[in-house]
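Accompanying notes for the structure given below.
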Amino acid sequence: MDLFAEIILDHYKNPRNFQILEKADLEGQDSNPLCGDKLHITIKVDENETISSFGFDGEGCAISVGAMSILSEEIIGKSLTEVENFENEALYDLIGVEISPGRVKCALLGLSLIKKLIKIYHEQKK
Amino acid sequence: MQEFKNIKSSFPIFSNNPELVFLDNASTSQKPQMVIDAINEYYTKYNSNVGRGVYKLAEITDNLYQSGREKIASFINANSANEIVFVKNGTEAANLVSYSMSGKIASGDKIVVTELEHHSNYLPWLELAKRKQAQFEVIPFKNNQLSEIDQIINEKTKIVAVTQMSNVLGIQPQLQEIMARARDVGAVVILDAVQGIAQKGLDVKAMDVDFAFVSVHKMFGPMGIGFLYGKSELLENMPAFMTGGGMIKELNELNTEWLEVPNKFEAGTPNPAGVYATIKAIDFIEEIGTENIYKHNVSLANALREKLAKISQIRLLGKADTSIISFTIDRIHPHDIASIFANNEISIRAGHHCSKPLMNALDLNATARISFQIYNNEKELEKVLESINEVIKWTSLLK
């Protein structure tokens, strides 16, 4: 795994959308029990369930923070359903470095939490 | 360190992975050929179930199993082989004691653990306290030692759980002080010897602990086998933990009578191959001597610690004269440190090491951890330092 990959390094150094949104429609936290990474995610959606803004904070390794930052840019403007169907492999492609099996949980920490929040959001709306 | 120069060749993992530098020994040790051979030998020559047959193989297995108990009893200076209960690991041992002692804990009693504990000697006691509405208090770890021992262990205290050696820092807490106070107030002491035994040995008589538990895989043996030591009078007065095959004398519809200690605590088919391999693991340790193992590991750790102390970005935790180095590096997550090491075929550990209470006390989420064992050598320290330099180079890009 090349930790020096430019994209990851850039996003780890300057994470995008690194702020907690007030009055978020979807909000939650998760952590990686192995390494103690923590993410707090907030999402606002419009009337069509399209993500209008996204914010997160937390603490973690280059892979978890970098992946979250990269993903945050990708999903703004997408519908919740689209994001729910976002494939892990698509995220790996965006990250641009090979994710070793031991780091998969780091890479997917943000995406898994977002999917979980969307599920809860839809269940509550029923 | 000369005398251990060829010891690496006793461990086939290194001939199969010639570049491997294994420094995650606090997590598990590698296995010498003689231990691996014992498992093969058991299944190819003796395999049969324990305590159930009258045929020759069953007798051999019974003898092996019993001789394992005797070997351990002698290794840890127990009074009798009947004070040794086989379990699958340390976690199971702690759970066994915490459940079987439930009846002796009442609301208002106090259970004490230390901030140094691995979750395996913390969570079973926390859960017991919750089940019985007992008080639960943690002895804090400050300035590299436990503090407030005398205040926290008081007349209400029924159980004190303490580690022989921290799996994060390698520090050995003040067991004597804890024992003295526990004896004053009549509390039972359970010692987590998982990390300590292969390096410091275990003398239950000298330590006078009431219970001690060990996972054999950290002392050159296989995974899936461990043992609990308990003083006879305590084990005899505890009810069974798990029930089922192999632990019963009488069963008459609703009436049960358990077998004697230790069989009472060994429900279900046990792990005789693991027990046989444990005998060999103890042989291996005795051949070298725990003092020599510890001396070797500490000398490597001290040499590395000295080098790391010169690097300003590194925060070293714990103290010298231990066999484990936990550290952090400014601006880089421990997991990323471990990944850079992994790229260079060096196995180190990053995370909270199943020791969240200690991480909270240190105000950290995670550390990187390097832990030594007898097959490590000075040449490997150079490789470690090369990886450290690579990490430091990486952090400079994050400025």
| In region B:317-341, residue nearest to the other protein chains (Cβ to nearest Cβ) [restricted to those that are assigned to a loop (DSSP other than H, G, I, E, B) and at pLDDT below 95] | B:333
| query | Is it fair to say residue B:383 is within 12 Å of chain A (Cβ to nearest Cβ) and touching a residue at least 12 places away in the same chain (Cβ under 8 Å)? | reply | no
| field | Hits in region B:256-307 - residues which are hydroxyl-bearing (Ser, Thr, Tyr), surrounded by fewer than 17 Cβ atoms within 10 Å (Cβ to Cβ) and in contact (Cβ under 8 Å) with a residue 60 or more places away in the chain | value | B:269, B:299
| request: Could you list all residues from region A:1-32 that are among the charged types (D, E, K, R) and within 14 Å of chain B (Cβ to nearest Cβ)? | output: A:2, A:6, A:10, A:13, A:30
| Residues located in region A:49-86, provided they are over 19 Å from residue A:124 (Cβ atoms) and part of a loop (DSSP other than H, G, I, E, B) | A:60, A:61, A:76, A:77, A:78, A:85, A:86
| remark: Note on region A:87-126: residues exposed (fewer than 13 other Cβ atoms within 10 Å of the Cβ), within 14 Å of chain B (Cβ to nearest Cβ) and assigned to a helix (DSSP H, G or I) are A:101
| query | Here are some residues: B:376, B:365. Which one is surrounded by 20 or more Cβ atoms within 10 Å (Cβ to Cβ), of a type outside the set (Val, Ile, Thr) and more than 27 Å from residue B:122 (Cα to Cα)? | reply | B:376
| note | Within region B:237-266, residues within 24 Å of residue B:79 (Cβ to Cβ) and of a type in the set (A, V, I, L, M, F, W, C) come out as B:238, B:240, B:241, B:247, B:258, B:259, B:261, B:265
| remark: Selection over region B:359-372 where residues are part of a loop (DSSP other than H, G, I, E, B) and facing chain A (nearest Cβ under 10 Å) yields a count of 3
| said: Anything in region B:342-358 that is within 19 Å of residue B:27 (Cα to Cα) and not in a helix (DSSP H, G or I)? List them, or say none. | reply: B:345, B:346, B:347, B:348, B:349, B:350, B:351, B:352, B:353, B:354, B:355
| Between residues in region B:342-358 that are more than 8 Å from every other protein chain (Cβ to nearest Cβ) and at negative phi and residues that are among the acidic types (Asp, Glu) and surrounded by 21 or more Cβ atoms within 10 Å (Cβ to Cβ), which pairs lie under 9 Å by C-beta distance while being six or more apart or on different chains? | B:355/B:115; B:355/B:117; B:357/B:115; B:357/B:117; B:358/B:115; B:358/B:117
| note | Restricting attention to region A:62-78, the residues that are touching a strand residue (DSSP E or B) at 6+ places or on another chain (Cβ under 6 Å) and modelled with pLDDT under 95 number exactly 1
| query | How many of the residues in region B:1-36 are among the charged types (D, E, K, R), over 23 Å from the mean Cα position of the chain (by Cα) and modelled with pLDDT of 95 or more? | reply | 1
| said: For region A:16-38, give me each residue that is part of a strand (DSSP E or B), modelled with pLDDT of 95 or more and crowded, with 19+ Cβ neighbours inside 10 Å. | reply: A:26
| Test set (1) without any contact (Cβ under 8 Å) to a residue 24 or more places away in the chain; (2) touching a Gly at 6+ places or on another chain (Cβ under 8 Å); (3) not β-branched (Val, Ile, Thr) - residue A:87 fails condition number | (2)
| message | I'm trying to understand the selection: among the residues of region B:88-100, which are buried (at least 24 other Cβ atoms within 10 Å of the Cβ) and not in a helix (DSSP H, G or I)? | response | none
| For residues in region A:33-54 being within 14 Å of chain B (Cβ to nearest Cβ) and touching a Ser or Thr at 6+ places or on another chain (Cβ under 6 Å), which is farthest from residue B:335 (Cα to Cα)? | A:38
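The values are calculated or read from the model by the stated rules, or taken from the named source; none is laboratory data. Note that the structure is a prediction, hence the values are computed from the model and not measured. Cβ: placed from backbone, ideal geometry, glycine included. Neighbour counts: every protein chain shown.
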